[in-house]
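Asks: Handing you this structure, nothing more for now.
What follows draws every value from the coordinates through simple rules; no lab data is involved. Note that the coordinates shown come from a computational prediction; the quantities given were computed from them, not determined experimentally. Methodologically, a virtual Cβ is constructed for each residue, glycine included, from the backbone with ideal geometry; neighbour enumeration extends over all protein chains shown.
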Amino acid sequence: MPPVEYNVPSPDDRSTIVCLYCHRPQEVGRKAMTVTCKFCNKSLRLEDQSFSKYEARRVIDTCGTVTVEKKGNVVADKINCGGLVVRGKLKGTIISRGPVLVGPEAEIKGDVTAPTLAVGAGAILEGKYDIGPKAVPTLPG
Ligand SMILES: [Zn+2]
């Protein structure tokens, strides 16, 4: 019998992201901080962003995970992210491509669109919530 070959592709340095603008999935290098979408040519940030103090932003845009720490207080017009963890305060219109986790003492003011939402007891949520696999825009088909 020939030796069994384990031809599993190496646990590689690629990951799949979904473009925030045209919603097409594509492979990117895991260590890349930014890429240009190969479909719509927009520049995409990939790194996770974490906030641990008051910050006002117009737009927070990343395919990575946005984390608002307990002492964080983020005010933004729009948050377009790959995932979201809120332990502090966050105000803005949120569109997350991945799960949204809200800690027990967190406070979110704004509309949230995400595939899944987990909320700790005692969290304050103010806004409209559109949760489910179909809530987040994807390509037709
Ligand atoms: Zn794109």
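Asks: Charges only on Cβ, +1 for Lys and Arg, -1 for Asp and Glu: so what's the dipole of the chain about the Cα centre, in debye to the nearest 20?
Replies: The calculated dipole for the chain is roughly 400 debye.
Asks: Relative contact order of the chain, please, whole-number percent, based on alpha carbon pairs below 8 angstrom and at least 6 residues apart.
Replies: 14 percent
Asks: Starting from the Cα of D111, step 7 Å along the direction of its Cβ; do the same at K38; then give the gap between the two resulting points in nm.
Replies: Spacing of the two 7 Å Cα→Cβ label points: 3.4 nm.
Asks: Taking a quarter of the surface of the convex hull around the Cα atoms of segment 48-129, what do you get in nm²?
Replies: 4.1 nm²
Asks: Taking θ as phi - 60°, what are the ³J(HN,Hα) couplings along segment 66-80 by the Karplus curve (6.51, -1.76, 1.60), each to the nearest whole Hz, with x for Gly and Pro?
Replies: 9, 10, 10, 6, 3, 8, x, 8, 10, 10, 9, 5, 8, 10, 10
Asks: Can you give me the orientation-averaged projected area of the convex hull built on the Cα atoms of the chain, in nm²?
Replies: 11.5 nm²
Asks: Something else: Roughly how far apart, in whole Å, are the Cα centres of segment 21-43 and segment 72-141?
Replies: That distance is 22 Å.
Asks: Further, regarding this structure: Which is farthest toward the positive dipole end of segment 31-113 among A32, F51, A106, measuring Cα position about the Cα centre, with Cβ charges +1 (Lys, Arg) and -1 (Asp, Glu)?
Replies: The one lying farthest along the dipole's positive direction is A32.
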